[in-house]
Amino acid sequence: MRIGILNGGGDCPGLNAVTHGVVGAATRLGWQVVGFRDGFEGLLPPGDFQILTTASTTGILKLGGTILGTTNRGHFSGKAGEGGVMKIPAELIEKARRTLKSLEVEALIVVGGDGTLTTALQFHEAGIPVIGVPKTIDNDLEATTMTFGFDSAVSFVVEALDRLHWTAQSHKRAMVVEVMGRHAGWIALFGGIGGGANAILIPEIPFQLSEVARKVRERDAAGLHSSLIVVAEGAKQEGGEQIYKTEDLAGGEFKLGGIGDRVAKEIERLTGKEARSCTLGHLQRGGSPTSWDRVLATRFGVKAVSMIEEGNFGRMVSYQQYQVGSVPIADAVCHLKLVDPDGEIVQTARSVGIVFGDGV
Ligand code: F6P
């Protein structure tokens, strides 16, 4: 038997570990694995692919990025349509089917986030046997407690905060750190708690700059002359809008960015203290996966192969209550997993004195 694998959307530490797991498990079953390059683009006839073997994937477990390449643009990333669903033209799906048939690929593993899995779901609905594997550093996919890549991103944010702490303290400054998180503030929340932030601003809790400034002033009055503020790129002020860097309509999405600068400028104005901002950007997506992400990604890859063996198509691998299982892809893409503003993790942060700028 021959199976295929592709990676879609933004890259993420652990993608190669999934491929490594898939090739390992498939090879033991006597199957061959075809790796399609640059996401769904690799499925366009005649197909852009490489045969993946144990020899060609040895050592990739620990590598960042993806040896297969990926894209969050291209032919298969339609614009958001009614109800946010991206409709892929039927003729494109037929082209992909032709490629798979000509290469004798009987099932396809699609590793990606919300957009990629939405395309995978349409392949499934068109009768192509697919298995989804969840991937996003933002950890905002419903139906899985965790995606691989998240732990690596959070670890990087924590390391960055540890470093910025020293320079902020030396100069008695407020340091604003902008992190990824378009709709969900998981990276900011976990990174902020782990890195000892004093304020965390996330998309789920609109903030007031006066409240953030109050925290900075309070610390100053207590003799703590530096403050660390973590802000998710998608956070917005109460009654305000998200801040965009550029309009990038090709993929149907705008590029977020600039909220960190805005917060730093306003904190300086409101407190009279010096403030600086630092955007961590794609550094959060680069680098090797953490040990947790390597293990989780391997488990996801192996599970995807066993789901093919069982003929369990149209489903996504998921991690829930310490177990790797599966859910229908449709359940995973219908809505995002957001931070609960009243949930335990936000309460924990508040309990150690972290503010969210909402006056609570
Ligand atoms: O989906 C993950 C993410 O990291 C978002 O938080 C961010 O807005 C986006 O990717 C940026 O992706 P790119 O620069 O590759 O378009």
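Yes/no per residue for (1) under 23 Å from VAL295 (Cβ atoms); (2) part of a strand (DSSP E or B); (3) aliphatic (A, V, I, L, M):
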| position | (1), (2), (3) |
| --- | --- |
| LEU6 | yes, yes, yes |
| GLY9 | yes, no, no |
| HIS20 | yes, no, no |
| VAL33 | yes, yes, yes |
| GLU41 | no, no, no |
| PRO46 | no, no, no |
| GLN50 | no, yes, no |
| SER56 | yes, no, no |
| LEU63 | yes, no, yes |
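A residue that is polar (S, T, N, Q), touching a residue at least 40 places away in the same chain (Cβ under 8 Å), under 24 Å from GLY132 (Cβ atoms) and surrounded by fewer than 20 Cβ atoms within 10 Å (Cβ to Cβ) cannot be found anywhere in the stretch 277-296.
Looking for something assigned to a loop (DSSP other than H, G, I, E, B), at pLDDT 95 or above and surrounded by 14 or more Cβ atoms within 10 Å (Cβ to Cβ) - is there at least one such residue anywhere in the stretch 83-98? For the stretch 83-98, residues assigned to a loop (DSSP other than H, G, I, E, B), at pLDDT 95 or above and surrounded by 14 or more Cβ atoms within 10 Å (Cβ to Cβ): absent. Of the candidates ALA184, ALA143, the single residue that is assigned to a loop (DSSP other than H, G, I, E, B), in contact (Cβ under 8 Å) with a residue 60 or more places away in the chain and more than 16 Å from the ligand (Cβ to nearest atom) is ALA143. Of the helices (runs of 4 or more DSSP H) lying entirely inside the stretch 252-360, those containing at least 3 residues that are modelled with pLDDT of 95 or more and hydrophobic (A, V, I, L, M, F, W, C) span 259-271, 291-310, 344-351. When you scan the stretch 53-74, do you find a residue that is closer than 19 Å to PHE300 by Cβ, among the charged types (D, E, K, R), out of contact with any helix residue (DSSP H, G or I) (no Cβ under 6 Å at 6 or more places or on another chain) and not assigned by TED's automatic domain parsing to the domain that holds MET180, even just one? Yes; the residues of the stretch 53-74 include at least one that is closer than 19 Å to PHE300 by Cβ, among the charged types (D, E, K, R), out of contact with any helix residue (DSSP H, G or I) (no Cβ under 6 Å at 6 or more places or on another chain) and not assigned by TED's automatic domain parsing to the domain that holds MET180. Scanning the stretch 150-172 for residues that are surrounded by fewer than 22 Cβ atoms within 10 Å (Cβ to Cβ) and either of a type in the set (Lys, Arg) or over 28 Å from the mean Cα position of the chain (by Cα) (or both) returns ARG163, TRP166, THR167, GLN169, SER170, HIS171, LYS172.
The values are calculated or read from the model by the stated rules, or taken from the named source; none is laboratory data. Just so we're clear, the structure is a prediction, and the values are computed from it rather than from any experiment. Neighbour counts are summed over all protein chains in view; Cβ atoms, including those assigned to glycine, are modelled from backbone coordinates with ideal geometry.
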